[in-house]
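Some notes on the structure that comes next.
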Amino acid sequence: SSLKRKQPKTFTVRIATMDAEMEFSCEVKWKGKDLFDLVCRTLGLRETWFFGLQYTIKDTVAWLKMDKKVLDHDVPIEEPKTFHFLAKFYPENAEEELVQEITQHLFFLQVKKQILDEKIFCPPEASVLLASYAVQAKYGDYDPNVHKRGFLAQEELLPKRVINLYQMTPEMWEERITAWYAEHRGRARDEAEMEYLKIAQDLEMYGVNYFAIRNKKGTELLLGVDALGLHIYDPDNRLTPKISFPWNEIRNISYSDKEFTIKPLDKKIDVFKFNSSKLRVNKLILQLCIGNHDLFMRRRKADSLEVQQMKAQAREEKARKQMERQCLAREKQMREEAERTRDELERRLMQLKEEATMANEALMRSEETADLLAEKAQITEEEAKLLAQKAAEAEQEMQRIKATAIRTEEEKRLMEQKVLEAEMLALKMAEESERRAKEADQLKQDLQEARESERRAKQKLLEITSKSSYTQSMNSSTTALPTDLSSFNLISESLSFDFKDTDMKRLSMEIEKEKVEYMEKSKHLQEQLNELKTEIEALKLKERETALDILHNENSSRGNSKHNTIKKVS
């Protein structure tokens, strides 16, 4: 007898986030919400409303429905069944809406990939600025000793379109990215990622889901669905919509038998109808419309208790991290100051040592000079004595001669001559003796000065020695720093979603105000971008410009931005 094969009670699911992969064992009865909640809990993610589990079926993107069993979805039979945990809806203002660091990080990774994969058009100068924030997020503060030339060689930082557009080497791009990277000193990873998102959210294609549609005349068009509303584009121009319907100006969206109908709030404005060929795509368009509209309305109401709590926790966490960073910065500053003081003391010590060596040498020279002078003085003194003695002897001889009787005139004359010679000799000797005595006195004076110089040199050496010992004690006390510093209805094949119970007209004024505030952008950033654009313009290869590059340049020259364009065409 054959045994009935038991059906397995579980199945394996692989979840791919932007930077990790996870595997889960799921129960057969599990609905989409059970799996989604498990993933969110695992990630520690609470801002669940932005995300979804995406899969691909017949080249069409689909999202796991929360109220439907996972295995009832049109997913492959093979295990593990793979889903991508991605942002399904985008915020209007990342800085105000994204609370958790994990939410910000996942958005940053997703938007960065879309820019590099050219799913979002980004002008060259903005690409460089965004790259510099991505480098700050990954590497931390710029340090020229660590981040040497070529450190970004293996990094994918710019869209291939941008690289291809200019006659610039990888080194030239790195140099420009690094110049901006160096200016971001002191920004933590979450701050650098948020700055990236604040710049990226102003790009025309950011957060827009595009769908191929046809109007009633059969003209091919593109429908764009995003956080602000519905936009209609020419297929060749995804940057500038031909017409826009902000969420607060739409009364109802419905589709029946592949035909979509957008009913504006203002009855004077014509109803807009278009066709989308695939039922699966139509369901996705309606899903995105409902989700984006819900979030649009939610943003314009007071925060729920859960969001208030999350924001309070995020503020506390941010303040704690800020304090930690300040503490670390203070410790680093103190350490750097201590190192500077130590280096200065070491330099001063070396200087004193050099001075001591020089003083020692001067002392030795003084001692040698003094000894030589003393010896010379002694010899001169002896010579003077000897000369004095000879002078005395000559005087005696002269007296003796005078006393001797001179017998003859000849002897007398000879005697006179001898006396004259003896007198001359005695005079010479007396002069020499006097000169030598003066020289001896001068040498004694020189010896006294040399000894005084020796005394001063010894005193200087003593001072230097005492300074050195003080410096060393200072040095040891400085270096021994403390280490502890530190709702739609489905009827047959017809779907409809009515935007009611909301005072749409009341919102219009608020939204206009928000737009005006948002338009007042930072001039400094624009100046920086224009400066780089001018700098690299000469290296541009015009023949390589894409249709989107040309369209972007035309929009820029007219002074058109994402927000004022939507305002004009609404």
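The values are calculated or read from the model by the stated rules, or taken from the named source; none is laboratory data. These numbers come from a predicted model, not from an experiment. Using ideal geometry, Cβ is built from the backbone for each residue, glycine included, and neighbour counts are taken over all protein chains shown. Just the protein is used for accessible areas: all its heavy atoms, side chains included, with ligands, DNA and RNA removed. Shrake-Rupley method; radii C 1.70, N 1.55, O 1.52, S 1.80 Å.
Which of the GluC sites (Glu not before Pro) found in the range 10-113 are loop residues per DSSP with 12 or fewer other Cβ atoms within 10 Å of their Cβ? Numbers along the way, then the final one.
On the way: sites: GLU21, GLU23, GLU27, GLU47, GLU78, GLU92, GLU95, GLU96, GLU97, GLU101; in loops: GLU47, GLU78, GLU92.
Passing both the DSSP loop test and the Cβ count: GLU78.
Note down the nm distance, to one decimal, between modelled labels 7 Å out along Cα→Cβ at ARG544 and at GLU416.
Distance between the two pseudo-spin positions: 12.5 nm.
Taking every eigenvalue of the Cα gyration tensor of the chain, multiplying by 5 and rooting it, what semi-axes result, largest first, whole Å? Write down the numbers at each step before the final one.
On the way: eigenvalues 2104, 164, 89 Å².
In descending order, the three semi-axes are 103, 29, 21 Å.
Show me the ranking of peptides 225-238, 150-163 by mean Cβ neighbours inside 10 Å, starting with the highest.
225-238, 150-163
Test of understanding: what is the full-extension gain from ARG185 to LEU305, defined as 0.36 nm times their sequence separation minus their Cα-Cα distance?
39.6 nm
Which value, in Å², gives the accessible area per residue of the chain when a 1.4 Å probe is used on the protein heavy atoms? Provide the component values of the computation, followed by the final result.
Details: 34560 Å² over 570 residues.
Result: 61 Å² per residue.
Work the Kirkwood hydrodynamic radius out for the range 10-87: mean of 1/r over every pair of different alpha-carbon atoms, inverted, in Å. Spell out each step's value before the answer.
Details: mean 1/r = 0.0796 Å⁻¹.
In the range 10-87 this quantity evaluates to 12.6 Å.
If I compute solvent accessible area with a 1.4 Å probe over the protein chains, what percent of it on the chain is carbon and sulfur?
51
May I ask you to order 28-34, 104-110 by the average number of other C-beta atoms within 10 Å around their residues, highest value first?
On the way: 28-34: 15.3, 104-110: 21.9.
My ranking of the peptides, most packed first, is 104-110, 28-34.
Below 26 Å, Cα to Cα, which lysines can LYS438 reach? Residues fewer than 8 away in the same chain don't count.
List returned: LYS376, LYS385, LYS390, LYS428.
Past the 31 Å Cα-Cα mark, which pairs from LYS113/LYS332; LYS65/LYS242; LYS29/LYS88; LYS81/LYS119; LYS119/LYS542?
Those over the limit are LYS113/LYS332; LYS65/LYS242.
Given the -39500 (n - 2.57) contribution per DSSP H run of 4+ residues, what per-residue ellipticity at 222 nm results for the chain, rounded to the nearest 500 deg cm²/dmol?
Details: 14 runs with 319 residues, N = 570.
Taking each H run of at least 4 residues, the total per residue is -19500 deg cm²/dmol.
Given a Förster radius of 22 Å and the C-beta distance between LYS258 and ASP294 as r, what FRET efficiency does 1/(1 + (r/R0)^6) yield to the nearest 0.05?
With R0 = 22 Å, the Cβ-Cβ based efficiency is 0.35.
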